[in-house]
1. Could you derive backbone 3J(HN,Hα) for region 79-86 from the dihedral phi with the Karplus parameters 6.51, -1.76 and 1.60 (θ = phi - 60°), listing whole Hz in sequence and x where the residue is Gly or Pro?
2. With the chain treated as a Gaussian network of Cα nodes joined by springs under 10 Å, which of Phe22, Phe61, Phe114 yields the largest mean-square fluctuation?
3. Roughly to the nearest percent, how much of the accessible area of the chain is carbon and sulfur, given a 1.4 Å probe?
4. Consider a paramagnetic label point 7 Å from the Cα of Asp97 along Cα→Cβ; state which residues of region 1-44 have an amide N under 20 Å from it.
5. In percent, how large is the relative contact order of the chain, given Cα pairs closer than 8 Å and 6 or more residues apart?
6. Before anything else, pin down the relative contact order of region 40-112: Cα pairs under 8 Å, at least 6 apart, normalised by residue count, whole percent.
7. So, by mean Cβ neighbours within 10 angstrom, what's the order for 81-88, 52-59 with the highest one leading?
8. Run the simple label-point estimate for Asn36 and Phe89 please: 7 Å along Cα→C-beta, distance reported in nm.
Amino acid sequence: LNRRSFDGGGGWLGNGQNRVEFFVVRPRIVVPDMFNRRDDRTTFWGAYYTTTGTRRPDLIFGDIRVQGRPQKITFQPYVLGIHRKDFTFVQGTADEDRYTFGGLLYGDLGGTGFDFEVETMSQYGRYK
């Protein structure tokens, strides 16, 4: 059962190694046993840039140099935003703007059979 429904759209531009994706949506409010309701006071948007690189590290065994297996690494910085009109917190009711800036780095560790994934983000906003 999906309790997170959205109306909106998005798109992407790019090629095999570089790609920009973006979206703008509005959530639907789930109403049991009825049609879902639109939430016209909330807008959620985001943009991602994805770039993928492949390298072949050299493996050195004494005087022998062998080209290793391809190592694929992907970097994905992103920005997400949400705007809510007349949102109520304990402090009162006001407009809220919240932004998240982040980055994701993932890939494989050559021929080891291990993968890695590292993500970091920072969030800030205002309520007025």
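1. 9, 10, x, 9, 10, 10, 8, 6
2. Among Phe22, Phe61, Phe114, the largest GNM mean-square fluctuation belongs to Phe61.
3. Numbers: 5290 of 9640 Å².
With neighbouring chains kept in place, the figure for the chain is 55 percent.
4. 23-27, 40-44
5. On the way: 284 pairs, mean separation 21.7, N = 128.
Once divided by the residue count of the chain, the mean separation gives 17 percent.
6. Values: 142 pairs, mean separation 24.4, N = 73.
Computed value for region 40-112: 33 percent relative contact order.
7. 81-88, 52-59
8. Placing both labels 7 Å beyond Cα along the Cβ direction yields 2.7 nm.
The values are calculated or read from the model by the stated rules, or taken from the named source; none is laboratory data. A quick note: this is a predicted structure, and the numbers were derived from the prediction, not measured. We place every Cβ from the backbone using ideal geometry, glycine too, and count neighbours over all the protein chains shown. Calculation scope for accessible area: heavy atoms of the full protein, side chains included, ligands and nucleic acids excluded. Shrake-Rupley method; radii C 1.70, N 1.55, O 1.52, S 1.80 Å.
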